[in-house]
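Take a look at the structure below.
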Amino acid sequence: MLNKPVLAESLIVFIIVLCVHAVVWDRYSWCAVALTIQAFYVQFKWDRLLQQGGAVFQFRTAANSGLLPASMVIPLLGIAMKERCRSAGIVYFERFGIVVASTGMLVALFLSVIAVGITKPVPTNTCILTGIAGSVIIYTMKHSLTVSEVIEVLEVLLIFVYLSMVLLYLLPRCFTPGEALLVLGGISFVLNQLIKRSLNVVEGRGDPIDFFLLVAVVGVVLLGLFFTVLFIFMDSGTWISSLFFHMMTAVLGLGVIMPWLYRLIQRNPLFWLLQFLFQTQTRVYLLVYWTFLAASACGVVFYQNAKRSSESKKHQASTITRKYFHFIVVATYVPGLIYDRQLLHVAAVLCLAAFIFLEYVRYFRIKPFGQTLRHLLSLFLDERDSGPLILTHIYLLLGMSLPVWLFPRSCAPKGTLAGAGALVPYSGVLAVGVGDTIASVFGSTMGEIKWPGTKKTVEGTMTAIFAQIIAVALILIFDSNVNLNSSYAWILASVSLVSLLEAYTTQIDNLLLPLYLQIMFMA
């Protein structure tokens, strides 16, 4: 049987699904409800497989499968985007939202079928539910998608299958099935979009900022795959291998990624980036301020490592210490959201590429900094970093950045944004930067009443909700482009549900919580 935390987590997700579709009920709502019910049942099978060691790949063991909460993220994002763009009259992005929703449903259904297929004996009832949900989804797709859109959905599914086989084999214990669905599903969609746009380049069409995100994500993933395969046959810790790593990084960057980006934006990428970064005086001030914060974060890392004595090599940083970085990230993102969101968009892409590149250096022990990074970052490991990669800091960056990247700018009205949708770019700041941080700090220091079956406390959750409401009030005061327009009850409900989800989920909350809060705000 599922334990109480998993049941509570599933109930919260189901309530969120019903809340979203109470606002935007259409033919896709039936698909979402059917997918929710079958994912709940299939979650039994995944959890049993993980406990018995019967899964095909090695997943993160300190958590449940997380199939239900992960299965609903991409479909709900697509449905919310579709409705928002339909209201704005932007047909292209309305169709894009339908493709996103359909892709998310099909990928989640595929992962469910895998779990059912490898479970022995074959679970008859779950097979029937999966078949019904699949029939509803495929029937709806047949009557909603054009032929080209169906091909696009199948392309993403094919990329997802191949990426899953390669990355889950190469990176054991780095993901739960739900986290793999979110991360690999997102990468698959980005890769498909990049291929599609590269084959259909129209001069002057498309935002260079969006192309920059697509190329950067695909570029660092391909770079990692290339070196992973290469270092199977070489010792990555030698100076020769390290020199080869740096040379091939430069070759791939200048010989593949830069020309690819040039084809998309029709101008020199380096000149465009420099011109973009230093275009206004406000951007220069923001860059100087962010450089100071980055130096402060590095200072925290060095200071905490200096405190670690030789007698306490197994000492790990406390929860409060790790939350220092959450405060620094909030201080980084809030000025960017208020004064220049486009600059924040590009800076977050650059930071993501830098984080992943440094993780490659640490993982492959690339000289001269690989071993140093291993030593410095080992202090901040927790139970979620059970695989060969350290991903928690990358998840933190993604959780803060995804609401900014996924915000449908073309479908947003010019000028002041009204309603809860105005808070969409702030979803990461509220859910992770404020809510998760306050819940952890107050829960670990003053919390006494624990939620049933978890280590999280009621006091931490209540304080997190209160802190996020205060943060919304401050955003309303300092950001003149935000007008909540009497949507306070919906905002309170959204913040409360996501805070409860934080209390019960065992998935990477830095990644999951901002996406659910964004979905609620967009709806």
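Things to note:
- Amide H contacts under 5 Å for residue 65: 47, restricted to partners 5 or more places along the chain or on a different chain, H placed in the peptide plane at 1.01 Å from N.
- Over all projection directions, the Cα-based convex hull of segment 408-495 averages an area of 6.5 nm².
- Using the Cβ-Cβ distance between residue 11 and residue 268 with R0 set to 41 Å, the FRET efficiency from 1/(1 + (r/R0)^6) comes to roughly 0.20.
- The chain - percent of accessible surface contributed by carbon and sulfur, probe 1.4 Å: 69
- When each of 323/367; 45/455; 323/455; 196/323; 196/367 is checked by Cα-Cα distance, pairs over 28 Å: 323/367; 196/323; 196/367
- Our summary gives the chain a relative contact order of 18 percent, counting only alpha carbon pairs under 8 angstrom and 6 or more residues apart.
- Percentage relative contact order, segment 1-189, counting C-alpha pairs under 8 Å, at least six apart: 29
- For residue 450, nonlocal amide neighbours, meaning residues 5 or more places apart or on other chains whose placed amide H falls under 5 Å from its own, are 458.
- Shape box of segment 1-189 [Cα atoms, principal axes, largest first, Å]: 50, 33, 27
- Isolated Cys residues of the chain, judged by Cβ distance under 4.7 Å to other cysteines: 19, 31, 127, 174, 298, 351
- Counting charges near residue 369 (Lys, Arg +1; Asp, Glu -1) among other residues having Cβ under 13 Å from its Cβ returns a value of +3.
- Ranked by the mean number of other Cβ atoms within 10 Å per residue, highest first, peptides 173-181, 105-113, 477-485 order as 173-181, 105-113, 477-485.
- Take the Kirkwood radius over Cα pairs of segment 319-386, plug it into Stokes-Einstein at 20 °C and 1.002 mPa s, and you get 154 µm²/s for translational diffusion.
- Taking all Cα pairs closer than 8 Å and separated by 6 or more residues, the relative contact order of segment 1-109 comes to 26 percent.
- Residue-span extension gain [residue 210 to residue 331] - 0.36 nm each, minus C-alpha spacing: 41.1 nm
- Modelled label positions at residue 135 and residue 293, each set 7 Å beyond Cα in the direction of Cβ, lie 5.2 nm from each other.
The values are calculated or read from the model by the stated rules, or taken from the named source; none is laboratory data. Because the structure is predicted, anything quoted here is derived from the model rather than measured. Note that we place each Cβ from the backbone using ideal geometry, even for glycine, and neighbour counts take in every protein chain shown. Side chains are part of the model used for accessible areas, which takes the heavy atoms of the whole protein and leaves out ligands, DNA and RNA. Shrake-Rupley method; radii C 1.70, N 1.55, O 1.52, S 1.80 Å.
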